[in-house]
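S.K.: Before we start, here is the structure in question, set down as structure tokens.
The values are calculated or read from the model by the stated rules, or taken from the named source; none is laboratory data. These figures come from a predicted structure and were not determined experimentally. Because the Cβ atoms are built from the backbone with ideal geometry, glycine has one as well, and the counts that use them run over all protein chains shown. With ligands, DNA and RNA removed, areas are computed over all heavy atoms of the protein, side chains included. Shrake-Rupley method; radii C 1.70, N 1.55, O 1.52, S 1.80 Å.
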Amino acid sequence: MGMDYLPVYAEDEAKTDDLAGAVRIDAATVQNIGVRTALAKQTLLSHVVRAVGRVAYDEEHIVRLHPKTEGWIETLRADKTGQRVRKNEELLSIYSPQLVASQQEYVLALNNLKVLEKSPIEDIRRGAEELVKSSRERLKLLDVPAHQLHDLTDSQSIKKSLHIHTPADGIVINIGAREGQYVTPETELYMIADLSTVWVYAEIYEYELPWVKEGDPVEMRLAGVPGRTFKGRLAFIYPYAEAKTRTIKVRLVFDNADLLLKPDMFAEVTIHAGKQVDTVVIPAEAVIRSGAQTQVLVVRGPGKFEPRQVTTGLSSNNDIAILDGLTAGEEVVTSAQFLIDSESKLNEATSKMMEPAASQPANKSLSVEPGAHQHD
């Protein structure tokens, strides 16, 4: 018939069974474009979060000391910021006319009770006892220390000045008054912070938020304390994001018995997320994101690649979880997949263009009416 004969192979006929977008590439081209693959595997996916932290005071161990009465400071014993003080240590003495009057009332009540304690009338005796009790309670409410109240009861000698003691161990970080200064209950005399434990603030990115939870173990290293690793825990995740950085702030807690951790120091923080996910995992570089679709290229045979849509989950350490669309043991392309994906989309578009032509019926043969003559 004057036409060239073209060979038809079984492999070419099998192409009709391929899905739209499937790509076949010869072995030489696969090697030249640098195609690499990896197997999807069922494994536990874990994560480690690294961030920069800032050491701060433990807000639960900060004491702000105010006087309970008006008066003048006579002696200031803790007079330097940064000074370390112990619980019940004397900080200052204050002269207060109200305090002197309260002591006088207490001494009078004691003398009155001494006179009336043997009274045969029970109501009189009980009234004297209640007066002593209420006068003593008033002195306690004015923060008169126990030893000074005990001396007043024994000697009945009125003290001009009241001693104020520190309620807890800590470091003086602010002094609000000096000797001779007139103070009121609104005056903050001292701000004392206990540094035996410290808080560390760190910020994590949104994609790391699903991994972390309260109670996760944390490690911290500081340039100011070389060679030392501090161990703590994640205590709180703040319920809002930072507007400028789009990160979430977390609060970490560390023991600081040696006082090596100082507020406002910067540190390298490592959060060991306790959450683990048992799922199908592939390298994150194998995922192709295009618009609203997420897909991978699956190896169907030597030189044969097939695009497949997948649903991705959590990612960690250059791995990503596949929730749907892929099973363990399947092989996916991790390198040069964008070149193959371009060819795949071209094949898919060509296939869609050929569908209408393939669906049309074949040309009808000429029919001959009965009785008509055929000519050669």
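S.K.: Has the stretch 94-115 got at least one residue that is of a type in the set (A, V, I, L, M), out of contact with any Leu (no Cβ under 9 Å at 6 or more places or on another chain) and open to solvent by 50 Å² or more (accessible area, probe 1.4 Å)?
M.R.: Within the stretch 94-115, one or more residues are of a type in the set (A, V, I, L, M), out of contact with any Leu (no Cβ under 9 Å at 6 or more places or on another chain) and open to solvent by 50 Å² or more (accessible area, probe 1.4 Å).
S.K.: Being over 28 Å from Glu206 (Cβ atoms) and modelled with pLDDT under 65 is the requirement here; does Ala357 meet it?
M.R.: So Ala357 passes the test.
S.K.: Here's a follow-up. Name every residue in the stretch 61-93 that is open to solvent by 30 Å² or more (accessible area, probe 1.4 Å), among the hydroxyl-bearing types (Ser, Thr, Tyr) and within 22 Å of Leu139 (Cβ to Cβ), in order of residue number.
M.R.: Thr75
S.K.: Which of the residues belonging to the stretch 116-141 are crowded, with 16+ Cβ neighbours inside 10 Å, among the aliphatic types (A, V, I, L, M) and closer than 30 Å to Trp72 by Cβ?
M.R.: Leu131, Val132, Leu139, listed by residue number.
S.K.: Here's a follow-up. From (1) of a type outside the set (Ser, Thr, Tyr); (2) open to solvent by less than 60 Å² (accessible area, probe 1.4 Å); (3) under 20 Å from His61 (Cα atoms), pick out the condition that doesn't hold for Asp169.
M.R.: (2)
S.K.: Here's something else I'd like to know. Out of the helices (runs of 4 or more DSSP H) lying entirely within the stretch 88-183, which hold 1 or more residues that are within 27 Å of Leu195 (Cβ to Cβ) and in contact with a helix residue (DSSP H, G or I) (Cβ under 6 Å, 6 or more places away or on another chain)?
M.R.: Helices (runs of 4 or more DSSP H) meeting the threshold: none at all.
S.K.: Check every one of the strands (runs of 3 or more DSSP E) wholly within the stretch 267-328 and list those with 1 or more residues that are more than 30 Å from Ala56 (Cα to Cα) and polar (S, T, N, Q). Full working, then the answer.
M.R.: Numbers: elements: 277-283, 288-290, 293-301, 304-309, 311-316, 319-324.
Ranges flagged: 277-283, 288-290, 293-301, 304-309, 311-316.
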